[in-house]
Amino acid sequence: MEMENRLIAYLFEYDALMNDLLIVQELNLPQCFIAAGYIRNYVWDRLHGWGPRETHDDIDVVFYDADKPFEERDRRLTQTLIAATGNRKWSVKNQARMHIRNNAEPYRSTADAMSRWPETVTAIGARRTGDGRIELCAPHGLEDLFGMVVRRSPFFTDKDDYLERVRKKGWKAKWPRIDIIED
């Protein structure tokens, strides 16, 4: 609980992210979170003693709606967020259909889908609630995030793909204090 409270406090201190969480909340999508690099990178910047550097390549918005798993809907939602903010980094994906791309069994929820992402430290999301609180989705917990550890998710079986992804991301050059577990 201590790490959850710490992350929530960090998020409340980042005005741009809080604004983005509010905009995404207004979409009223089920099980919807801003996730992955936007949050991870911000926390790593804080832990390195830096301010937000906006080093994320995209703003991942993930949700779960098995009744409407249409890719076109994701594109429209992405365009809605771009139009609302002027930021072209938005990427909206309904996790109810992402199992097809990943050649996997259907996911049961946003948390189930996130648990299968390549790294545990990437599988972290946040959303605003109607009463202004922040809820987190972190199927692998927050220990790796605050411990600055990159490790392969236990559900992501392709070790070579994981290692190639980590190499291409260049995280160690951006955050020298992180530890990358290659196994």
| field | region 77-93 residues that are touching a residue at least 12 places away in the same chain (Cβ under 8 Å) and of a type in the set (A, V, I, L, M, F, W, C), paired with ones that are open to solvent by 30 Å² or more (accessible area, probe 1.4 Å) and in a loop (DSSP other than H, G, I, E, B) (beta carbon under 9 Å, 6 or more apart) | value | 77/27; 81/27; 81/87; 84/26; 90/58; 92/27
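Of all residues in region 33-44, which are part of a helix (DSSP H, G or I) and within 17 Å of residue 18 (Cα to Cα)?
Residues of region 33-44 that are part of a helix (DSSP H, G or I), as a first pass: 37-44.
37, 38, 39, 40, 41, 42, 43 - these are the residues of region 33-44 that are part of a helix (DSSP H, G or I) and within 17 Å of residue 18 (Cα to Cα).
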| request: Check whether at least one residue in region 33-47 is open to solvent by 20 Å² or more (accessible area, probe 1.4 Å), on the phi < 0 side of the Ramachandran plot and touching a residue at least 24 places away in the same chain (Cβ under 8 Å), and report yes or no. | output: yes
| note | Matching residues in region 170-183 (of a type in the set (Lys, Arg) and either over 17 Å from residue 42 (Cα atoms) or open to solvent by 80 Å² or more (accessible area, probe 1.4 Å) (or both)) number 2
| remark: Requiring at least 1 residues that are open to solvent by 50 Å² or more (accessible area, probe 1.4 Å), the helices (runs of 4 or more DSSP H) wholly within region 53-150 are 71-85, 98-101, 143-147
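Under the condition of being open to solvent by less than 60 Å² (accessible area, probe 1.4 Å) and at pLDDT 95 or above, which residue from region 151-169 is farthest from residue 63 (Cα to Cα)?
Looking only at region 151-169, we keep the residues that are open to solvent by less than 60 Å² (accessible area, probe 1.4 Å), and these are 152-153, 156, 162-163, 166.
Narrowing the set further to residues that are at pLDDT 95 or above leaves 152-153, 162-163, 166.
Values: 152: 22, 153: 20, 162: 23, 163: 27, 166: 25 Å.
Among residues in region 151-169 that are open to solvent by less than 60 Å² (accessible area, probe 1.4 Å) and at pLDDT 95 or above, the one farthest from residue 63 (Cα to Cα) is 163.
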| said: Of everything in region 1-58, what is closer than 17 Å to residue 120 by Cα and of a type in the set (D, E, K, R)? Give them in sequence order. | reply: 4, 40
| field | Hits in region 52-84 (condition: of a type outside the set (Val, Ile, Thr) and closer than 13 Å to residue 38 by Cα) | value | 52, 53, 54, 56, 57, 58, 60
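The values are calculated or read from the model by the stated rules, or taken from the named source; none is laboratory data. Here the structure is a predicted model, which is why all the values come from computation and not from measurement. No Cβ is skipped: glycine too gets one built from the backbone with ideal geometry, and neighbour counts run over all protein chains shown. The protein model used for the area step is the full one, side chains on, heavy atoms only, and it has no ligands, DNA or RNA in it. Shrake-Rupley method; radii C 1.70, N 1.55, O 1.52, S 1.80 Å.
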